[in-house]
C-alpha cells in the first residue's frame, strides 16, 4: 500500500473488489481502512465551553457572554454569544480566550437581526471588537462573535 509524502495512505485501485467471494473484506481494503482509522485517531481535536469576559465599554443591566471553542491541531475556532436582552452593551473587548493566540487572528460579529458589524482582531488572549451597540429595545439585542487563530507555541 503506497503512502504519500503527507503520510496519507492511498486506497487500493478502484477496480479492486471490496469483498472476497465469501463476502469478507478484501485484505487490501482492510489494510487501507485500518490505516485510515489510525490517521483519524491521531488528529489532535478538542472542544469545550468557557465564560469569556466582556469589558472596556459601557455595560448596564444584565449582559451575559458564553463561548464555545474547538481546537484542531494548533488552530482554535471559537464563538461567543453576547446576550443583551436584559441590559445594554457597548463594548470593545473580549478577554479570557480559552488559549492564547500566536500573532494575530480575526473574528466577525453578526447581531440577532442578522446585521454584520464587521471584523475584529485577536492578539494574545484579547479580542478587539468592531463598534457595536446592543440593546433590548431594538432588534440588535444579541450578537455572535466567530473567529479563529493559531495557538501560541
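The values are calculated or read from the model by the stated rules, or taken from the named source; none is laboratory data. Keep in mind the model is a prediction, meaning the values are calculated, not measured. Glycine gets a Cβ as well: all are built from the backbone with ideal geometry, and neighbour counts include every protein chain shown.
At-a-glance table
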{"item": "When residues of the stretch 24-34 are limited to those that are more than 36 Å from the chain's Cα centre (by Cα) and without any contact (Cβ under 8 Å) to a residue 12 or more places away in the chain, the one farthest from residue 74 (Cα to Cα)", "result": "24"}
{"item": "Strands (runs of 3 or more DSSP E) enclosed by the stretch 35-125 - at least 3 residues per element that are within 20 Å of the chain's Cα centre (by Cα) and touching a residue at least 24 places away in the same chain (Cβ under 8 Å)", "result": "45-50, 58-72, 75-90, 93-95, 104-111, 116-123"}
{"item": "Complete set of residues in the stretch 1-17 that are part of a loop (DSSP other than H, G, I, E, B) and modelled with pLDDT under 75", "result": "1, 2, 4, 5, 6, 7, 8"}
{"item": "All positions within the stretch 81-99 that are at pLDDT 85 or above and more than 12 Å from residue 140 (Cα to Cα)", "result": "81, 93, 94, 95, 96, 97, 98, 99"}
{"item": "Some residue of the stretch 2-19 being surrounded by 11 or more Cβ atoms within 10 Å (Cβ to Cβ) and under 29 Å from residue 149 (Cβ atoms)", "result": "yes"}
{"item": "Set 120, 105, 57: member being in the same structural domain as residue 140 (by TED's automatic domain parsing) and more than 30 Å from residue 137 (Cα to Cα)", "result": "105"}
{"item": "Of the criteria (1) over 16 Å from the mean Cα position of the chain (by Cα); (2) touching a residue at least 40 places away in the same chain (Cβ under 8 Å); (3) assigned to a strand (DSSP E or B), which one residue 153 fails", "result": "(3)"}
{"item": "Selection status of residue 21, part of a loop (DSSP other than H, G, I, E, B) and more than 19 Å from the chain's Cα centre (by Cα)", "result": "yes"}
